[in-house]
Amino acid sequence: DGLVFNMDAANRASTIPSSTTTKAFNTINTAVSGSFINDTNYDSSTISPTFHFDGTGDYIILSSTLSYLTDVSKYTISMWFNADIVTGSPTVDIWLISQIGNSNNDRVQIEIYQGDIYHSHRHDGTNTMRGTTSVSANQWYNYTGVFTYQDPDTALKMYLNGSSVSPGNYISPTQNTPDNFSNTYIGARNTDYVFDGNIGPVHIYNRALSSTEVLHNYNALRGRFGL
């Protein structure tokens, strides 16, 4: 209920399995597709088919921005990932998914920065919501972020592998998500800060999932990733 975006390398309605695959589709609305840039590829060598990014310019760019992340008071993003690197020097900053305005001042983002997963919104260059929690390299995770602007103090709820985690560095939001976007990326931020590793299913809902629903979704797919 409320699922509006499903892009999955293991779902043949989304991705045709082949070494020459260069595009994936949102199964809920196939008019929205994602083009593989540079060496992004369909990877059947992992425990479950996934999208692979090598950290040197790879990403997926969507054919249009997503209205269900634009000027909204609630949404849920859930995605599976396994990062090859999460910390290091120079500073490691890799992005899992982002919807970006023309100047990066307006965005919705999920990134990994020095071992912490950040889920945040930015309006006109100012962070209006930010939450963080830690992850490690070479491990499969399901991250689910639930945003609902009903109570600014608890608007962001973060889950790892079906369990609620504290959004450590939390800033209360002051408004809906931004309304000025130009591009949406999986595995990058505006062609830079590219992800190094594998990404599994990406799901977006136009509503706030409950903790029970988050756990149900995790349990439904965990076997695909050896969890």
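Residues that are of a type outside the set (A, V, I, L, M, F, W, C) and open to solvent by 50 Å² or more (accessible area, probe 1.4 Å) were ranked within the range 15-24; the one that is modelled with the lowest pLDDT is Ser19.
Test Asn104 against the criterion of being over 17 Å from Gly197 (Cβ atoms), in a loop (DSSP other than H, G, I, E, B) and open to solvent by less than 50 Å² (accessible area, probe 1.4 Å), and give yes or no. Spelling it out, Asn104 is indeed over 17 Å from Gly197 (Cβ atoms), in a loop (DSSP other than H, G, I, E, B) and open to solvent by less than 50 Å² (accessible area, probe 1.4 Å). Is it fair to say Ser89 is closer than 18 Å to Tyr185 by Cβ, open to solvent by 10 Å² or more (accessible area, probe 1.4 Å), without any contact (Cβ under 8 Å) to a residue 24 or more places away in the chain and assigned to a loop (DSSP other than H, G, I, E, B)? So Ser89 fails the test. Under the condition of being in a loop (DSSP other than H, G, I, E, B), touching a Lys or Arg at 6+ places or on another chain (Cβ under 8 Å) and open to solvent by 60 Å² or more (accessible area, probe 1.4 Å), the residues counted in the range 171-193 number 0.
Please find, among Thr50, Thr65, Thr27, Thr76, the residue that is surrounded by fewer than 19 Cβ atoms within 10 Å (Cβ to Cβ) and within 16 Å of the chain's Cα centre (by Cα). None of the other options fit; the residue is Thr65.
Report yes if some residue within the range 16-29 is polar (S, T, N, Q) and either under 21 Å from Gln139 (Cβ atoms) or outside any loop (DSSP other than H, G, I, E, B) (or both); otherwise report no. There is no residue in the range 16-29 that is polar (S, T, N, Q) and either under 21 Å from Gln139 (Cβ atoms) or outside any loop (DSSP other than H, G, I, E, B) (or both).
The values are calculated or read from the model by the stated rules, or taken from the named source; none is laboratory data. Since the structure is predicted, the reported quantities are computational estimates derived from the model, not experimental observations. As a convention, Cβ positions derive from the backbone with ideal geometry for all residues, glycine included, and neighbour counts pool all protein chains shown. With ligands, DNA and RNA removed, areas are computed over all heavy atoms of the protein, side chains included. Shrake-Rupley method; radii C 1.70, N 1.55, O 1.52, S 1.80 Å.
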